[in-house]
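The values are calculated or read from the model by the stated rules, or taken from the named source; none is laboratory data. What you see is a predicted model, and the numbers here were worked out from it, not measured in a lab. Counting neighbours? That spans all protein chains shown, and the Cβs are built from the backbone with ideal geometry, glycine included.
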Amino acid sequence: MQDSKIIGLLKNLEPKEFRLLHKYLRSPFFNYSPSLVALYEYIRKYYPDFDHPAVDRRKAFSRLFPEETYNDKKMRNLLHEFFGHLENFLVQLHVRDEPLTRKKLLVESLEKRGSYETFAGKNRELIREISDRPYRDVNTYWELLNLEEQYYFHPATDKVKNGEESLVAILENMDHYFMANKLRLANEVQARRKVVRQKIPMQFVDEVLKVSGADRGANSVIHFHALLYHLNETEAEEQFYALKKMFLESMEALGFNDRQVILFQLLNYAIRNGNQGKTDLLREAFDLYWFGLQHKLLFENGKLTDSSYTNIVFLGGKFGLLDKVERFIKEHSQDLDEKVRSDAENLAMANLLFLKKAYTRIDDLIGNARFDSIFYQLRAKLILLRALYESFVTDDSFFDLLQARIDAFDKFLRRNTQLSGIQRESYLAFIRQLKAVVKVNMMPSNQAEREDLKNKILQIELIPNKEWLLEKLNA
């Protein structure tokens, strides 16, 4: 029972929501089974972890039905019914917390009940409410399209007298929805191609691009996504700065989702090109992250994304903003999802220790840590190797340990099935070049040999910590 889907959902409920579930189950409108109420009351004392031995279906059955021997089928049916009510409870919470969803459901209900005048009034009222938004986005176009179709295709709508305006609105919103969503997804495909060598077919992108700049007012979101597409195609730096300026000046005219999408597209560009040696773009990335933090654009479902968290730490440290980074870690670690908080905070502290040149303390912090995700495993192994190298520079007794860790990382990369081919090759490239840097710095070498290695590193398109490798080569 502890590993069941029921417990998984119950763990995700906030304390207030968990208490409301009790009221829901006691409501005769929703539930008429006293056994379900009794089941809730049996397990509620173990919220929120539910890791007590009593959270067991046999023990629960014994408490709920003390006069009966254990009946697995009866208990399974009860749990199935409880799960169905739990799902419905989540729907009720969503409808309660989303006024727009509630209004759309009301319009749909009225549409089916033959009350045309009331339906039409609520339909047009909702269209006006959505149309009054200060922005247009994919969801807005989709909502307006569906509401206009709902009105136009209702059997009682006089299509001759009242239909023309609605039909025009249907066609306009359909076009805008298609263009905005097509370009948004095309940008996702482009971003994916930068990481994974996988060709995903796309139709009509060129046709959409030809008309995307025709209206730069209410449809600015379409224009934004078109400019992002061109940026990803050309990688032109001047386009990045122009688009960033346009984004910062026009953000209020965009919906929240589009603000997030555009911000992360700009961040991806800045980091991708910054990692190729354009340090100014990495500073731009840090500033964009800080902007996103202030405007809550780095949050998903109320939680700070761990990738944003770790990148802020890394980039802030890179530019010597150690006090700012340390404050950020203290103030925002609690904003992370509990599932990744420990891993993210440990990696952040390891990065801070590296920047403070406390290299031996890094191994104490994360040397034996078991990171859950491949993302954290890779970054932890990288920072451990870099810390060992820095220790080796001042104390050659670290050489054997450094070589052992390099070999272990090499085996990890070759055996791990979670990595894409591009990811694996980029980290293997780092290992090869780190070995070469160690060799060059240990043995007498001429300047030509160093220049040759420098050029080799520069020519590798995807390699983590390229700038650090070059710095160690020139040290």
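Could you list, in sequence order, all residues of the stretch 98-123 that are touching a residue at least 12 places away in the same chain (Cβ under 8 Å) and among the acidic types (Asp, Glu)? Once the filter is applied, which keeps residues that are touching a residue at least 12 places away in the same chain (Cβ under 8 Å) and among the acidic types (Asp, Glu), the stretch 98-123 yields Glu108, Glu111.
Search the stretch 169-205 for residues being within 20 Å of the chain's Cα centre (by Cα) and assigned to a loop (DSSP other than H, G, I, E, B), and hand back the single one that is nearest to His223 (Cα to Cα).
Pass one, the stretch 169-205, residues within 20 Å of the chain's Cα centre (by Cα): 181, 183-196.
Next cut, assigned to a loop (DSSP other than H, G, I, E, B) only: 194-196.
On the way: Lys194: 22, Val195: 25, Val196: 27 Å.
This residue is Lys194.
If you go through the stretch 357-409 and keep only what is hydroxyl-bearing (Ser, Thr, Tyr), within 12 Å of Asp343 (Cα to Cα) and crowded, with 19+ Cβ neighbours inside 10 Å, you end up with just Tyr376. Restricting Arg128, Arg76 to residues that are part of a helix (DSSP H, G or I), of a type outside the set (Val, Ile, Thr) and under 30 Å from Phe247 (Cβ atoms) narrows the list to Arg128. The residues in the stretch 245-285 that are surrounded by fewer than 18 Cβ atoms within 10 Å (Cβ to Cβ) and among the small types (Gly, Ala, Ser) can be counted, and the count is 4. Residue by residue through the stretch 66-80, note down the ones that are aliphatic (A, V, I, L, M) and under 37 Å from the mean Cα position of the chain (by Cα). Within the stretch 66-80, Leu78, Leu79 qualify. Just checking, which of Ile43, Ile6 is under 29 Å from the mean Cα position of the chain (by Cα), part of a helix (DSSP H, G or I) and over 30 Å from Asn146 (Cβ atoms)? None of the other options fit; the residue is Ile6.
So for the stretch 106-128 (the condition being of a type outside the set (A, V, I, L, M, F, W, C), under 28 Å from Ser212 (Cβ atoms) and over 27 Å from the mean Cα position of the chain (by Cα)), does at least one residue qualify? For the stretch 106-128, residues of a type outside the set (A, V, I, L, M, F, W, C), under 28 Å from Ser212 (Cβ atoms) and over 27 Å from the mean Cα position of the chain (by Cα): present. Remark: pairs (first residue in the stretch 41-63, under 16 Å from His22 (Cβ atoms); second residue of a type in the set (Lys, Arg); Cβ separation under 9 Å; 6+ apart in sequence or on different chains) = Tyr42/Lys59; Tyr42/Arg63; Arg44/Arg19; Tyr47/Lys11; Pro48/Lys11; Phe50/Lys11. Taken as a whole, the condition of being touching a residue at least 24 places away in the same chain (Cβ under 8 Å) and either of a type in the set (Val, Ile, Thr) or loosely packed, with under 13 Cβ neighbours inside 10 Å (or both) does not apply to Asp72.
Hey, could you check the stretch 443-469 for residues that are touching a helix residue (DSSP H, G or I) at 6+ places or on another chain (Cβ under 9 Å) and without any contact (Cβ under 8 Å) to a residue 24 or more places away in the chain and say which is surrounded by the most Cβ atoms within 10 Å (Cβ to Cβ)?
Leu453
Put simply, of Pro53, Pro48, Pro28 the only residue that is under 29 Å from the mean Cα position of the chain (by Cα) and not in a helix (DSSP H, G or I) is Pro48.
When the stretch 337-353 is filtered for residues that are farther than 15 Å from Asn311 by Cα and not hydroxyl-bearing (Ser, Thr, Tyr), the ones remaining, listed by number, are Asp337, Glu338, Lys339, Leu353. The numbered conditions (1) touching a helix residue (DSSP H, G or I) at 6+ places or on another chain (Cβ under 8 Å); (2) in the same structural domain as Leu39 (by TED's automatic domain parsing) are all true for Lys73 except (1). Considering the conditions (1) touching a residue at least 60 places away in the same chain (Cβ under 8 Å); (2) surrounded by 17 or more Cβ atoms within 10 Å (Cβ to Cβ); (3) of a type in the set (S, T, N, Q), Gln433 is excluded by exactly one of them, (1).
Taking residues in the stretch 303-327 that are farther than 16 Å from Arg379 by Cβ, and partners anywhere that are assigned to a helix (DSSP H, G or I) and among the basic types (Lys, Arg), the pairs with Cβ atoms closer than 7 Å and at least 6 places apart or on different chains are Phe319/Arg283. When we screen Leu413, Leu385 for residues that are over 24 Å from Thr279 (Cβ atoms), at pLDDT 90 or above and not polar (S, T, N, Q), the only hit is Leu413. When each of Asp372, Asp407, Asp343 is tested for being acidic (Asp, Glu), part of a helix (DSSP H, G or I) and at pLDDT below 95, the lone residue that passes is Asp343. Which condition does Phe286 not pass, out of (1) part of a helix (DSSP H, G or I); (2) of a type outside the set (Val, Ile, Thr); (3) within 20 Å of Phe178 (Cα to Cα), if it passes all the others? Of the numbered conditions (1) part of a helix (DSSP H, G or I); (2) of a type outside the set (Val, Ile, Thr); (3) within 20 Å of Phe178 (Cα to Cα), the odd one out for Phe286 is (3).
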